[in-house]
1. Given the options P198, P205, name the one that is closer than 20 Å to V96 by Cβ and modelled with pLDDT of 95 or more.
2. Which condition breaks for K173 when tested against (1) touching a residue at least 24 places away in the same chain (Cβ under 8 Å); (2) charged (D, E, K, R); (3) surrounded by 17 or more Cβ atoms within 10 Å (Cβ to Cβ)?
3. Looking at segment 92-118 only, could you name the residues that are part of a loop (DSSP other than H, G, I, E, B) and either more than 23 Å from K167 (Cα to Cα) or open to solvent by 40 Å² or more (accessible area, probe 1.4 Å) (or both)?
4. Any idea which of (1) over 18 Å from V133 (Cβ atoms); (2) out of contact with any helix residue (DSSP H, G or I) (no Cβ under 7 Å at 6 or more places or on another chain); (3) at pLDDT below 95; (4) among the β-branched types (V, I, T) is the one I98 doesn't satisfy?
5. If you scan segment 44-69, which residues turn out to be assigned to a loop (DSSP other than H, G, I, E, B) and among the aliphatic types (A, V, I, L, M)?
6. Condition test on A72, is it closer than 24 Å to A174 by Cα and in contact with a Cys (Cβ under 8 Å, 6 or more places away or on another chain)?
7. Could you tell me whether any residue of segment 150-163 is over 30 Å from F19 (Cα atoms) and acidic (D, E)?
8. I'd like the full set of residues that are within 19 Å of V106 (Cα to Cα) and in contact with a His (Cβ under 9 Å, 6 or more places away or on another chain), limited to segment 38-68.
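The values are calculated or read from the model by the stated rules, or taken from the named source; none is laboratory data. Just so it is clear, the model here is predicted, and its values are computed rather than measured. Neighbour counts are summed over all protein chains in view; Cβ atoms, including those assigned to glycine, are modelled from backbone coordinates with ideal geometry. Heads up: the accessible areas ignore ligands, DNA and RNA and are worked out on the full protein's heavy atoms, side chains in. Shrake-Rupley method; radii C 1.70, N 1.55, O 1.52, S 1.80 Å.
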Amino acid sequence: MLRIAMLIVRGLFSLPIWFIQLQKIKEDESVSREQRYALAQKICAWIIKHGSIKPTVTGIENLPSEDGYLIAPNHQGLFDAVLLCDSHPRFTTAVVKIELVNVFFVKDLIKLLKAHAMDRQNLRQSMQVIRAVTEDLKNGINCIIFPEGTRSKMGNTMGEFKGGSFKSAVNAKATIVPVAMIDCFKVFDENSCRTVYPQLHYLTPITYEQYQDMSTEEIAQLVKSRIQEKIDECLTEVR
């Protein structure tokens, strides 16, 4: 909470400007995806610069050359989306939990990037989101989805990866990009303003041809194992 308070104080001049910009373009269909993403990245870059955050990002070269892939990271906290948006070079939307559509400022960013809010307690609505993401992927729009469904609350220890998170990728025959997030929980979950060093690693993509004969549960375990391997590697290096 201390870091969030620090950012609010440091953003007394910037935040109102961004808020006004968001209101102007978030639902304006004449604004391109590239323009929308540029504003979101500008905000995320500011948060990192002014939040005493020194991230390490690797694996950009692993990203597919063609858009329309699913980005599947482990989920550690609010900062995950900030670092993903800041580091990912091309437009991407996301699946977010429905509770976020009522959070000040965040709800405007959701509309800006045309993200999909999923109500995990409503099966029919969840299926509608899966179909919408499938269409996005088929139309060449990248999408972030957190297979754990919610942040783990266990630091660098992951929770269960849910097979349903990959139904859209299967339906669209889309490539899946596993992403390892390390120490990202320290940014906003620790009550400190000290410099933090989160990591994000884009891992080798998994193509449809590689997973087409697998169940969604098997895909979930494959993605989780890839991420776990990278987390173990990085934490071993630190020790």
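1. On the way: P205 fails: closer than 20 Å to V96 by Cβ.
Answer to the selection: P198.
2. (3)
3. Within segment 92-118, V103, F104, F105, K114 meet the criteria.
4. (1)
5. Keep residues of segment 44-69 that are assigned to a loop (DSSP other than H, G, I, E, B), which gives 51-52, 54-55, 59, 63-69.
The answer is L63, and nothing else.
6. On the way: closer than 24 Å to A174 by Cα: yes; in contact with a Cys (Cβ under 8 Å, 6 or more places away or on another chain): no.
Against the criterion (closer than 24 Å to A174 by Cα and in contact with a Cys (Cβ under 8 Å, 6 or more places away or on another chain)), A72 does not qualify.
7. Scanning segment 150-163 turns up at least one residue that is over 30 Å from F19 (Cα atoms) and acidic (D, E).
8. Once the filter is applied, which keeps residues that are within 19 Å of V106 (Cα to Cα) and in contact with a His (Cβ under 9 Å, 6 or more places away or on another chain), segment 38-68 yields only Q41.
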